[in-house]
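Derivation of every value follows stated rules applied to the coordinates shown; laboratory data play no part. What you see is a predicted model, and the numbers here were worked out from it, not measured in a lab. Positions of Cβ are backbone-derived with ideal geometry, glycine not excepted, and every protein chain shown enters the neighbour counts.
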Amino acid sequence: MTITVGILTLYVGRRRTIEERPFLAACANEGVKLGIEVIVFTPEDVEHRSRRVRAHLYDVRRKRWLRAWRPLPSVIFDRCRYQSTPRFAQMRAFRRRYPHLQYLNHPLANKWLVHEVLARHAHVARHLPDTGLLRGMSDALRFGARHSTIYIKPVNGTGGRGILRLQCSPSASCRLEGRNAQRTIIASKTGSRSELLRHTLRLCRGGSYLLQQAIDNRLSNGQVFDFRLVVQKDGSGKWTLTGGAARVGGPRSITSNLHGGGRAVGWQTMLTQQFTAKRSESIVDDMKTLAIRVAEALEQRYGRLCELGLDIAVDRSGKPWLLEVNPKPAREIFRKTGQHATYRTAIRKPLEFAIFLSR
Ligand SMILES: Nc1ncnc2c1ncn2[C@@H]1O[C@H](COP(=O)(O)OP(=O)(O)O)[C@@H](O)[C@H]1O
Ligand SMILES: [Mg+2]
């Protein structure tokens, strides 16, 4: 019997479109090569009575999407994103209704809760920037006194939205810069630490935010950089590093996200500009070890996972610091750095893991 993998997604916008179609088409393509069927559906496409779904299928030969009824698949790859939208609840309802299907992955909690889970694992905790919740002025002052530069980030943020950086030097005044919730770069502001912390609190009113020690990841021209690593389970259920690349933020940006103007660069290129070849190699090893430990730790807490995208900053001494864990990583960075084989591997691995689970 042919194995069917169901990719669970959500319609976005009023026109109920399906996002990341090129990625989904690539999954269907790899599926054909592996001899399995990949179908795409949303909770809205399920007919519960008959346990069927009106799926979106990609016709690999004709290169086009079509609709067809299929039995509810028993293996599910959850790609539902946008936790803040009302439709996200549909995914949770689907999972509650069908707890016995084989899910390749499980949702993670917000950035703060994920931080708390990871902080309990000593090998990972060493690589976590000092982080706290911003509940009011006293948290902000305490944190500001501990670190000359801090990041302020929404606990449910993505893509660099709503992130601020407050930088203070002993001699000069402080500077606050960053992006608003729409990801537009805001005008930077200078002033005393307490003035700018008060301003920060006003900007953050109404939301939940983290305070985080800034990792000094600035290049000599002031641009920030970090790394995106993708770890995935392989066809024998083992965690492996699929690949990674560096991202360099735009000229006035405090974030490196590709969607916020960041540029993807090969990680060797990035590392060997700043470290010896030997040191670069050991940094990659350290990042890889860290990434796999993070995956194992989160899996223990949240249930089975098949992949994670990790944002890792490397400081001037070469130490990696975990900035963020993304449970549903894009693979665009591999295409942007010309790593086409890695892009395909990153598409294939979850499907191979699905085959492994179905046996
Ligand atoms: N503590 C930090 N130190 C240095 N840079 C940071 C820090 N936190 C975030 N950044 C920068 O901001 C970017 C976005 O932060 P991240 O925590 O990954 O949130 P998002 O979910 O919006 O991607 C990071 O990729 C990095 O460039
Ligand atoms: Mg990120």
ask   = Pick from GLU296, GLU324, GLU20: which residue has the top mean-square fluctuation in a GNM of the chain where Cα pairs under 10 Å get a spring?
value = GLU20
task = Based on other C-beta atoms within 10 Å, arrange THR337, THR289 from fewest to most.
result = THR289, THR337
task = Under a cut-off of 19 Å between alpha-carbon atoms, report the aspartates and glutamates in cross-link reach of LYS319, not counting same-chain residues fewer than 8 places apart.
result = ASP130, ASP216, ASP226, GLU281, ASP285, ASP286, ASP311
task = Using the number of other C-beta atoms within 10 angstrom as an exposure proxy, rank CYS306, CYS174 with the fewest first.
result = CYS174, CYS306
task = Using a Gaussian network model of the chain whose springs link C-alpha atoms within less than 10 Å, name the residue from ASP216, ASP59, ASP130 with the highest mean-square fluctuation.
result = ASP59
query = Which whole-Hz couplings ³J(HN,Hα) result when phi for each residue of segment 69-86 is put into the Karplus expression 6.51 cos²θ - 1.76 cosθ + 1.60, θ = phi - 60°, listed in order with x for Gly and Pro?
reply = 7, 9, x, 4, x, 8, 10, 10, 10, 8, 10, 5, 10, 6, 3, 7, 8, x
message = How high is the relative contact order of segment 4-103? Use alpha-carbon pairs under 8 Å, at least six apart in sequence, and give a whole percent.
response = 31 percent
request  = Divide the volume of the convex hull of the Cα atoms of the chain by its number of residues and quote the answer in cubic angstrom per residue.
outcome  = 150 Å³
Residue order, fewest to most beta carbons within 10 Å, for SER171, SER280 = SER171, SER280
query = Over the chain, what is the mean sequence separation of C-alpha contacts under 8 Å (at least six apart), divided by residue count, expressed as relative contact order in percent?
reply = 16 percent
query = Between segment 31-96 and segment 187-237, how many Å separate their Cα centres?
reply = 35 Å
key: Magnitude of the charge dipole, the chain, Cβ model with Lys/Arg +1 and Asp/Glu -1, debye to 20   = 1040 debye
query = Roughly what % antiparallel, to the nearest 5, for the DSSP beta bridges in segment 4-103?
reply = 55 percent
query = Going down the table (LYS153/LYS233; LYS63/LYS336; LYS153/LYS349; LYS288/LYS336), which pairs top 25 Å between alpha carbons?
reply = LYS153/LYS233; LYS153/LYS349
task = Report, in whole Å, the centroid distance computed from the Cα atoms of segment 297-359 and segment 112-169.
result = 23 Å
query = Dipole size in debye (nearest 20) for segment 194-320 around its Cα centre, Lys and Arg Cβ +1, Asp and Glu Cβ -1?
reply = 280 debye
key: For segment 125-130, Karplus couplings with θ = phi - 60° (6.51, -1.76, 1.60), whole Hz, Gly/Pro x   = 3, 4, 9, 9, x, 3
